[in-house]
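Values quoted throughout were computed directly from the atomic coordinates according to the rules given, and no laboratory measurement underlies them. A quick note: this is a predicted structure, and the numbers were derived from the prediction, not measured. Neighbour counts are summed over all protein chains in view; Cβ atoms, including those assigned to glycine, are modelled from backbone coordinates with ideal geometry.
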Amino acid sequence: MSARFRVSRSARGEVESHFDDFDVELESGATVLDALLQIKRRHDPSLVVRHSCMHASCGTCGVRVNGREVLACDTKVAWLPAGKPIEVEPLANQRLVADLATDMVDFYARYEPVGMPLVRGAGVKAEVDAGIELPEGVKSFGRFENCIECGLCLSACPVARTSGEFIGPAALAAAARVVAEPRGRELAPVLALAAEPDSVWRCRDAMACTAVCPSAVDPARALSTLRRHVAANGLKRFLGRGA
Amino acid sequence: MTVEPGARVDAPEPLTRVDAPEPSAPESGAPHVLIIGGGGTGGALAHDLTLRGLRVTVVERGEITSGTTGRHHGLLHSGARYATTDRASAVDCSAENKILRRICPGSFEENDGLYVAITDEDAAYEKEFLDGCWQSAVPAKRVEREAALRMEPGLNAAMQFAVQVPDATMDAMRVPLRFFATARRHGAEIKPFTEVIALTMAGRTVGGVKVRDHAAGRDYEIGADIVVNAAGPWVGKVAALAGVNVPVVASPGVMVAVRGRHCNMVVSRLHSPADGDIVLPQRALTVVGTSSWIADDPDDLRVPADHVEMVVRESAALVPAIARAEIRAVWAAARPLIGEVGGKKRRSPRRVARADAAGHGAGEAATGPGAGSGAGPATEPAGRNLAREMRCFDHATDAAPIEGFVTVAGGKATTLRAMAEATADVICAKLGLVRPCQTVDYVLLPHTAWYSE
Ligand SMILES: Cc1cc2nc3c(=O)[nH]c(=O)nc-3n(C[C@H](O)[C@H](O)[C@H](O)COP(=O)(O)OP(=O)(O)OC[C@H]3O[C@@H](n4cnc5c(N)ncnc54)[C@H](O)[C@@H]3O)c2cc1C
Ligand code: SF4
Ligand code: FES
């Protein structure tokens with residue numbers, strides 16, 4: 001399988017970017033990330049691209065392919081329309097390092113303060129109800145949270161495009177997870193964060209976040225649940241009974 | 001409790017140090033160690049050396065953990081896997097498993113593992129396995145069939161019994177990021193997208209590196225008192241830049257991620273380590289692996305189709321749903337298999353450190369399961385039984401000595417801290433410094449700290 005890739009290029013600190021074209025020969029199951037790594041190996045070793053896990057789990061390889069946010073490691077070249085160049089650009093609404101690599105600092109500046117632990121209880125209750133027995137010495141089964149911190153949702157979000165201060169879908173989805181499963185955490189600070197002007201109320205329900213999320217987080221739905229909590233908590237506080 | 005808008009909620013895992021004061025930033029006159037390779041080994045070494053008061057720079061040609069580290073299977077080994085074949089590794093894993101849970105709290109799915117006996121042959125292996133675990137300090141306990149199926153209803157119903165061990169799942173990138181974040185907090189400079197293209201030499205001494213910053217599109221030099229080659233399967237290529245021969249071949253293995261979480265515990269086959277015998281839950285995926293072959297170029301890891309079939313088939317013998325699950329991703333990661341010439345196989349961090357510091361040992365031929373046949377990709381096509389231990393080469397003890405240059409490779413992600421300790425001991429001895437390792441009790445910053453400014 002051969003394909004032409006049109007890849008966005010820019011050096012660190014450069015404002016302007018341009019496209020470079022590369023014709024690559026690929027095996028049938030190849031992903032966009034395979035293609036980019038082949039471009040690095042065979043055509044241009046200077047191409048800057050982020051990757052780590054190769055299986056949609058680390059969240060580093062987010063790019064825009066033909067204008068849509070995807071994980072490069074999770075997108076087969078064969079799925080893309082044949083016969084026209086495949087355009088690859090860095091994620092939007094984030095600082096650029098160079099070429100296809102973005103700096104996740106702004107993403108984490110919003111995400112980290114929510115304080116969602118990496119590991120959740122895997123709905124253990126439901127499993128115990130279903131007859132699952134815990135191994136001796138294991139207090140509860142845990143599993144990593146779904147969100148892989150890839151930033152695709154922030155890139156796709158139309159509100160983030162116009163309002164740089166918007167806390168963004170991933171952080172709000174994380175806040176919703178903390179509210180749903182507090183694991184001993186104090187909820188008031190999280191609800192306060194969510195109640196800020198640049199938080200839940202900024203969302204315009206465009207649903208772009210949920211459409212691009214590669215990890216079934218469904219930030220749009222999490223956000224609307226959170227909004228109800230924030231509203232309820234605001235009312236309780238008004239009545240002097242809230243957190 | 002109310003909080004000012006914009007206030008930061010406390011991070012769940014604050015940096016705490018169990019028994020010693022915060023390290024001060026290294027003095028400007030402190031020796032400078034440059035580490036080539038931003039994998040788990042490079043990250044853990046940077047952390048160890050900054051705690052010992054050294055100045056550290058890490059250069060990584062791509063994103064941090066873009067080599068083997070980010071793509072490994074994700075098993076925090078209990079040691080059980082090596083209990084019958086490689087006692088030294090089993091003991092190391094058992095110790096490091098406990099240490100990592102302590103210094104990286106919140107980074108593991110701590111659901112334990114089951115070694116499952118399916119055939120009579122598997123069942124007959126139980127005694128040897130339990131003995132091996134016992135002798136390697138790996139807690140292991142027999143679980144009868146019915147109880148095992150209540151813990152993991154997705155197991156092959158034809159199973160006979162299982163053995164429970166403290167395996168866990170780790171996030172292959174986020175554990176090393178905690179080492180990088182903490183090292184940087186203590187003054188280490190960490191430079192992704194920065195590739196070493198030459199070593200700067202003064203006679204037979206390495207004095208630093210010449211790098212290409214791919215993001216800025218420029219080349220420059222960095223001076224160092226010691227340069228450490230921690231380039232994983234690329235160590236041979238980097239050593240060649242100094243005219244040093246580190247005989248290494250890349251031995252990739254295939255991993256397959258299928259949709260659906262088909263178990264909560266790590267499920268392995270109760271037999272001597274083989275292909276496709278580990279089933280690991282991870283988020284909403286199940287990751288199965290692995291295999292091994294020999295590749296000419298660690299950058300060109302094309303996945304053989306028959307390996308994918310084999311890995312799926314073997315792992316479905318443990319958890320049948322895997323055979324029907326949709327495959328989400330297929331990839332390969334490469335181990336460095338290092339030949340014997342000039343290599344010192346690691347027994348325990350302290351022992352190797354002493355041997356190397358005394359100026360011998362690194363030049364000795366290794367012994368053990370990998371010796372003799374270990375260097376030979378021609379004689380050993382699969383490489384499964386070759387030693388996976390860490391090797392640390394002080395090239396000052398090579399037949400043609402090179403000063404200021406150390407190579408470290410091998411080991412496992414589970415033992416990254418111990419590898420770093422052993423290597424840092426060698427480095428301190430070379431620099432004439434007596435500085436004990438302090439990483440055993442040092443709770444690392446959360447991975448999110450890596451992305452803070
Ligand atoms: C298939 C497979 C499965 C595994 N599964 C597990 C597991 O489940 N559990 C476990 O504990 N261990 C596992 N391991 C082992 C583990 O992955 C490795 O031991 C560990 O990741 C090695 O880390 P490293 O830092 O030494 O090497 P690497 O991660 O490869 O780091 C070396 C780095 O050097 C960089 N580099 C190379 N050349 C240059 C240059 N010229 N300039 C700058 N940088 C350069 C590379 O880009 C790379 O990032 C597995 C290994 C394999 C192969
Ligand atoms: S919510 Fe989804 S798209 Fe957004 S960062 Fe998390 S995984 Fe990525
Ligand atoms: S490389 Fe990890 S998500 Fe794509």
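Taking Cα atoms of region B:32-451, Rg/Rh with Kirkwood Rh, to two decimals?
Ratio of gyration radius to Kirkwood radius: 0.97.
Give me the net charge of B:VAL206's neighbourhood, meaning all other residues with Cβ under 13 Å from the Cβ of B:VAL206; Lys, Arg count +1, Asp, Glu -1.
-2
Per residue of A:106-119, count partner chain C-beta atoms within 10 Å of its C-beta, then hand back the mean as an integer.
Across the residues of A:106-119, the mean count of other-chain Cβ atoms within 10 Å is 5.
To the nearest 20 Debye, how big is the dipole of the protein assembly as shown about its Cα centre, given +1 on the beta carbon of each Lys and Arg and -1 on that of each Asp and Glu?
The calculation lands at about 1160 debye.
Under 5 Å between amide hydrogens, which residues at least 5 positions from B:THR205 or on another chain qualify, with H placed 1.01 Å from N in the peptide plane?
Excluding prolines and chain starts, which carry no amide H, the hits are B:GLU403.
Express in whole angstrom the spacing between the alpha-carbon centres of region A:55-79 and region A:5-24.
17 Å
With θ set to phi - 60°, apply the Karplus curve 6.51 cos²θ - 1.76 cosθ + 1.60 along region B:122-131 and write out the HN-Hα couplings as whole Hz, x wherever there is a Gly or Pro.
Couplings: 4, 4, 5, 7, 3, 5, 4, 5, 5, 4 Hz.
If you take every residue apart from B:LEU45 with its C-beta less than 10 Å away from the C-beta of B:LEU45, what net charge results, scoring Lys and Arg +1 and Asp and Glu -1?
Net charge around B:LEU45: -1.
If each of A:LEU239 and B:ALA399 carries a label point 7 Å out from its Cα toward its Cβ, how far apart are those two points in nm?
Calculated label separation equals 8.6 nm.
Take every Cα pair under 8 Å in region A:105-238 that's 6+ residues apart, average their separations, divide by the length, and report that relative contact order as a whole percent.
In percent, rounded to a whole number, it is 27.
Could you order peptides A:17-28, B:293-304 by the average number of other Cβ atoms within 10 Å of their residues, highest first?
B:293-304, A:17-28
Quick check on the exposure proxy: order B:MET173, A:MET207 from fewest to most C-beta atoms within 10 angstrom.
Result, fewest neighbours first: A:MET207, B:MET173.
Taking the highest mean first, how do the peptides B:214-222, B:114-122 order by number of other beta carbon atoms within 10 angstrom per residue?
Highest to lowest by the protection proxy: B:114-122, B:214-222.
At 222 nm, what value in deg cm²/dmol follows for chain A if DSSP H runs of at least 4 each add -39500 (n - 2.57) and the sum is divided by all its residues, to the nearest 500?
The helix contribution divided over chain A gives -8500 deg cm²/dmol.
Any chance you could run the full-extension gain for B:LEU433 through B:GLU27? It's 0.36 nm times the residue separation minus the Cα-Cα distance, nm to one decimal.
My answer for the length gained is 144.7 nm.
FRET efficiency for B:SER452 and A:ARG161, Cβ-Cβ distance as r, R0 = 25 Å, nearest 0.05?
Approximately 0.55, to the nearest 0.05.
Could you put B:MET419, A:MET116, A:MET1 in order, starting from the residue whose Cβ has the fewest other Cβ atoms within 10 Å?
A:MET1, A:MET116, B:MET419
Is the protein assembly as shown rounded, prolate or oblate when judged by the Cα gyration tensor, a ≥ b ≥ c being the square roots of its eigenvalues, rounded requiring a/c under 1.5 and prolate requiring a/b larger than b/c?
Note, shape of the protein assembly as shown comes out rounded.
Give me the percent of Cα-Cα pairs in chain A that sit more than 27 Å apart, rounded to a whole number.
44 percent
Does a label point 7 Å from the Cα of A:ILE132, set along Cα-to-beta-carbon, have any residues of region A:174-217 with amide nitrogen under 19 Å, and which are they?
A:180-183, A:216-217
Would you mind checking which residues have amide H under 5 Å from B:ARG283's amide H? H placed 1.01 Å from N; only 5 or more apart, or other chain.
Under 5 Å from the amide H of B:ARG283 lie the amide H atoms of A:PHE144, each far enough along the sequence or on another chain.
Sort A:186-194, B:279-287 by packing, meaning the average of other beta carbons within 10 Å per residue, with the highest value first.
Most protected by this proxy first, the peptides run B:279-287, A:186-194.
Which three extents, in angstrom, do the Cα atoms of region A:105-238 have along their principal axes, listed largest first?
52, 38, 25
Between B:LEU270 and residues 5 or more places away or on another chain, which pairs have amide H atoms under 5 Å apart, with H built 1.01 Å from N, and which residues are they?
Sorted by chain and number, the residues that satisfy this are B:VAL116, B:ALA117, B:ILE118.
Other chains' Cβ within 10 Å of B:148-160 residues: what's the mean?
Per residue, the number of nearby Cβ atoms from other chains is 2 on average.
Tabulate in residue order the Karplus-calculated ³J(HN,Hα) for region B:90-95, using 6.51 cos²θ - 1.76 cosθ + 1.60 with θ = phi - 60°, rounded to whole Hz; enter x for Gly and Pro.
Coupling constants for region B:90-95: 4, 5, 4, 4, 4, 5 Hz.
Label points 7 Å out from Cα along the Cβ direction at B:ASP441 and A:HIS18: separation in nm?
Calculated label separation equals 5.9 nm.
With unit charges on the beta carbon (Lys/Arg positive, Asp/Glu negative), name the residue among B:PRO281, A:ALA206, B:SER78 whose Cα is farthest towards the positive pole of the charge dipole of the protein assembly as shown.
Value: A:ALA206.
Within the protein assembly as shown, what percent of beta bridges assigned by DSSP are antiparallel, to the nearest 5?
For the protein assembly as shown, the DSSP antiparallel bridge percentage is about 75.
Would you tally the net charge around A:GLU27, using a Cβ to Cβ cut-off of less than 9 Å, leaving A:GLU27 out, and scoring K and R as +1, D and E as -1?
-1
Kyte-Doolittle cut-off -0.5, length cut-off 18 Å along the helix's own axis using Cα: show which whole DSSP H helices in chain A pass.
Membrane-span-like by this rule: A:219-238.
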